[in-house]
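No lab work stands behind these numbers, since they all come straight from the coordinates. Not measured: the values here are computed from a predicted model. Here the Cβ positions follow ideal geometry from the backbone for every residue, glycine too, while neighbour counts run over all protein chains shown.
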Amino acid sequence: MAEQEPARIVDVSEVHLRLAMVKAAVWLTFTVCGAGLAYALVTWEQPHRELMLTLFGVTAISGLLVVLLPIQRIIRSRFNEPFFVLWCLGQIGLIGAIVMLDGGAPSPLSVLFFLPLVFAALFYPLRSFVPVGAIDVLTFVGIGGADGKTDPTYLGFVAACLASTAVMCAWQAQNHDQQRERLTEVSRTDPLTGCLNRRGFGERVKAELDEALRRGRSVSIVMLDLDNFKGVNDVDGHAAGDELLCWVVNQIKLAIRPADSVGRLGGDEFAVLAPGASEPNAEEIAGRVREALSERIGVTSGIASYPVDGVERDDLYRQADARLYEMKLGHATHGKHRRRELSWAAALARAVDARMAVPVEHSSRVATYAAAIAQQLGWEGESLEQLRIAAMLHDVGKAPVPDRILQKPGPLTEEEFEEVKKHPATGADLVSRVNGVEVIGPWIRHSHENFDGSGYPAGLKGEQIPLASRILLVADAFDAMTSDRPYRAALSRQQALDQLQRNAGRQFDPRCVRAFEDYLECSPHPIGATEI
């Protein structure tokens, strides 16, 4: 696969600056032309006044024509800088012609040569300012030397002042360039890992899609989600988590091509943009990344390719994200057919997580905890896989619950709680409609039954409750306690374990609590030890 040249990124803030520049330039042109017309009328007894009026009129009309052009399209095109440089040089040419009509270099209108310098320094990058500044000074000197009558001392002094102004303006243009570069880097770079942030990555994607449309080439996005990264912070602390994120970015960069770009879209969510890569090429890139990161952490990937999966940036994001989430389930089920059947449920689970004002990884973490407890109890094979799926989908019954209840920052009223208590049965009914996973319906239905019979919806007690449901209750409660919520801060791991132990035999199955405690004690990195 041939390496691709990076596409040109159109900076939205730069576009707005250039639009403001055009507006300012047009008004400046009209103002100067108005002053020039007044000067010509006041000095009407001097020669060439009619022609001078004509040139000022041409200058004003040129400003009006610029307003009528599709200026935003020009700014976004590759001809942006050449257009504005030519416009400025045209203005210098008109100034030179007007000065010559008014007697050459000694004319008071010679001060107009300073305006293009100042204007270009304020709005143009250094590479565009240099030709403008050089031609501006040379035009004045050429006018003064052409008539052979201008006092050399006067000409040299004014030319020196003009050149000094050009040098100072060039210095200012360079300062503007450096400031823009620093601001661009800060606003588009993740401060921790040094890769692109969400904004920078999005701009790069947009630029590559535009280039792909022009050249008829493919572009792929590889979404990457670290498997249960929260556990690293919980066990080893946030400093260790930050170090791991930096290591992840370095490893990704080593695994991809030089033309590819890496972005951090969220806390532990990354993406790779692969210009020119088809879906099979993107699969290879994802495989290399997974292999590179497997030394320290698991990662789930989702891929979307232009134009097969969409032509807009947001379409590709959604498709790649949906496939990533399907893969979260796909680790627990084999075969593309099964993953397609479950895709609606996976998307619904993630949507519910987002609506509940909880971390979007909630369902995934509950699945990891539940699988860990089950393995301690001797579960394996198909049963373990089905439990993971049940844990991923345990909250889908909350989809019909109103946001005012799901996101309420304080305690629920009795009426609101009764509404919430319907969600296990609703979720079980939804899941029962998916072929091949009917067995998990009862597990979800009874995932809020308490061990002492005080739970819902059926008030089952002890061994009457499916063991899978008892496991889900412990896993769900632990993640809820160790996650920030609108109405309280997260508990520490030990505080959450203490809560589980105090309520063992009442709310929770003591055997499940002991199994979870054993898992946490024996695993140096409890979260993420088991892939979803």
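Values as computed for the structure displayed
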| read-out | value |
| --- | --- |
| Phi to ³J(HN,Hα) by Karplus 6.51 cos²θ - 1.76 cosθ + 1.60 over region 213-227, Hz, x for Gly, Pro | 5, 5, 9, x, 10, 8, 9, 10, 10, 10, 7, 10, 10, 5, 6 |
| Calculated log₁₀ intensity ratio I(q)/I(0) where the Debye formula runs over C-alpha points of region 91-242, q = 0.17, 0.19 Å⁻¹ | -0.97, -1.09 |
| Dipole of region 183-260, positive end: most advanced residue of 245, 219, 192 [Cβ charges, Cα centre] | 219 |
| FRET E, pair residue 484, residue 64, Förster distance 60 Å, beta-carbon r, rounded to 0.05 | 0.55 |
| Given charges at beta-carbon only (K, R positive; D, E negative), |dipole| of the chain in Debye | 760 |
| Rounded to 5, percent antiparallel among DSSP beta bridges of the chain | 90 |
| Contour minus Cα-Cα distance for residue 186 and residue 41 (0.36 nm per residue) | 46.9 nm |
| Residue-by-residue Karplus 3J(HN,Hα) for region 262-268, coefficients 6.51, -1.76, 1.60, Hz, glycine and proline x | 10, x, 9, 8, x, x, 10 |
| Within the chain, longest stretch free of exposed chymotrypsin sites (Phe, Trp or Tyr not before Pro) [DSSP loop, at most 11 other beta carbons within 10 Å] | 45-486 |
| Cα extents of region 170-210 along the three principal axes, largest first (Å) | 34, 29, 10 |
| Among 40, 320, 74 - extreme Cα towards positive end, dipole of the chain, charges at beta-carbon | 40 |
| Placed amide H near residue 220: partners under 5 Å, 5+ positions off or other chain | 274, 276, 277, 306 |
| Ellipsoid semi-axes in whole angstrom, largest first, where each is sqrt(5λ) of the Cα gyration tensor of region 33-173 | 26, 21, 10 |
| Using distinct alpha-carbon pairs, which all enter the 1/r mean, Kirkwood radius of region 186-268 in Å | 14.1 |
| Computed over the chain: relative contact order in percent, which uses C-alpha pairs under 8 Å that are six or more apart | 11 |
| Longest segment of the chain lacking trypsin sites (Lys or Arg not before Pro) that sit in a DSSP loop with at most 15 other Cβ atoms within 10 Å | 150-295 |
| Set of lysines with alpha-carbon distance to residue 23 below 29 Å, sequence-local pairs under 8 removed | 206 |
| Pairwise FRET efficiency - residue 295 versus residue 242, Cβ, R0 = 25 Å, nearest 0.05 | 0.90 |
| Per-residue ³J(HN,Hα) for region 133-140, Karplus 6.51 cos²θ - 1.76 cosθ + 1.60, θ = phi - 60°, Hz, x for Gly and Pro | x, 5, 5, 4, 5, 5, 5, 4 |
| The chain: Rg to Rh, with Rh as the Kirkwood radius over Cα pairs | 1.21 |
| Helix-only [θ]222 nm of the chain, DSSP H runs n ≥ 4, -39500 (n - 2.57) each, per residue, nearest 500 | -20500 deg cm²/dmol |
